[in-house]
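The values are calculated or read from the model by the stated rules, or taken from the named source; none is laboratory data. Predicted, not measured: the structure shown is a model, and the values here were computed from it. Reconstructed Cβ throughout: ideal geometry from the backbone, glycine too, with neighbour counts over all protein chains shown.
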Amino acid sequence: PSQSNLDVQDDWEDSVTEPVEFEGSFNCTQRWRNAGPEQRKKMFSVFDDAKYPLALMNRLLSVYGVNGGCAYDIGCAFTKTLANSSIGPLAKNLNLRMMVGAFHGHAHNQRCQLDWHPMYIEGTGLTEGEGCEHIFSSSNDLAWSTRHVSPFHRQQTIEEHFAFWDQDKYAALSVFLRNHYREVLTLIHELSVEVSAVKKALNLTDADFAQFHTDERSYLESLKEQPLNDRLHICYVQVLDDLAEQRLEWDRAREAANQALTRVTVGDIYQINAALSQARIRVDTAYTKLQHAETFTGHIEGRLRIEERWTIGGDEYNKYREEASLQKYRTALDELEHLVVMRLFELSKLSLSSTGKQMILHFEGN
């Protein structure tokens, strides 16, 4: 076939060649586009297209009916899409409850988890909402055996795998239900005793636990944007640190320049002039940065109406210095949790054996 025909048939690559940056804040849906730019991978745009999950939801609603629950990686964002779709009234009438799977949910922010994580949703019980992940994990074993076979035998192997999967799960269904029923009875008995002891020790009621959940939501909502005054104080602490650093650099530059002027240097005249020129440039640069730091510090002090400059190590300085450190720590902790879950999510793909994955990556890297 001609090159033009190959280009038409191969629709895996998009025509977009430059990366497109996201606009706005980083939301939950962007967290799972983690295998490369989605502009260059059709597989990601397929799942981002709302018509496919909407078609699945329409089928699930027709089969399971009222009071259903569905876990989706981005169930939090998909709920709005579902409500605005043609099946939105049906989902509302059937009391459908969307959620985020327990595994994927921990990559969402804490405020999102309070409303969408199965742990906080009444009626989910021990459900984790990751049934598809178990199925995909099992089907990964097909990769090494179907990597180099014909399309017919590949499809045949996959079809037989899922046929046997259905038969095995159906045969073990009674044992599954019995074991989980016994587990639930044990948990209810043990946890009821523990909860009663905690309620008695802390003088709590059942209503207090619901109030704790509400209070946590209110607290997290209040943290969406830090008060302007607090942000200015934290910024003031940072500019004080920068001012001290620039002043120290200016002192060092002057000391180095004085040494260059006073010491007796033996060597080529051009080397001596170059050293003096570098010393002068360093002094001028340090002084310019110091002036900028002084101006910025004075501007912040004017906005905060601070008459006497804070001293580094003082009570007010230490207070907001600690707040700035805690803010960085919380941000880093949230990002670490997100990256860990994303890494775990990808490890199952990267560790597939006997698929030539490492060789492909090696060739792509070269």
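A compact table of results
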| read-out | value |
| --- | --- |
| Test: residue in region 29-42 that is at pLDDT 90 or above and assigned to a helix (DSSP H, G or I) | no |
| Filtered residue count, region 245-303, keeping only those that are among the aliphatic types (A, V, I, L, M), surrounded by 13 or more Cβ atoms within 10 Å (Cβ to Cβ) and closer than 30 Å to Ile234 by Cα | 6 |
| Residue in region 295-308 that is under 12 Å from Leu243 (Cβ atoms), among the hydroxyl-bearing types (Ser, Thr, Tyr), in contact with a helix residue (DSSP H, G or I) (Cβ under 8 Å, 6 or more places away or on another chain) and assigned to a helix (DSSP H, G or I) present | yes |
| Tally of residues being under 26 Å from Glu221 (Cβ atoms) and either surrounded by 17 or more Cβ atoms within 10 Å (Cβ to Cβ) or at pLDDT 80 or above (or both) across region 83-105 | 15 |
| Count of region 200-220 residues which are under 22 Å from the mean Cα position of the chain (by Cα), surrounded by 11 or more Cβ atoms within 10 Å (Cβ to Cβ) and not aliphatic (A, V, I, L, M) | 3 |
| Test: residue in region 347-358 that is assigned to a helix (DSSP H, G or I) and at pLDDT 60 or above | yes |
| Enumeration of residues in region 136-170 that are hydrophobic (A, V, I, L, M, F, W, C), surrounded by 10 or more Cβ atoms within 10 Å (Cβ to Cβ) and at pLDDT 90 or above | Ile158, Phe162, Ala163, Phe164, Trp165 |
| Residue match in region 117-130 (condition: touching a strand residue (DSSP E or B) at 6+ places or on another chain (Cβ under 8 Å) and assigned to a helix (DSSP H, G or I)) | yes |
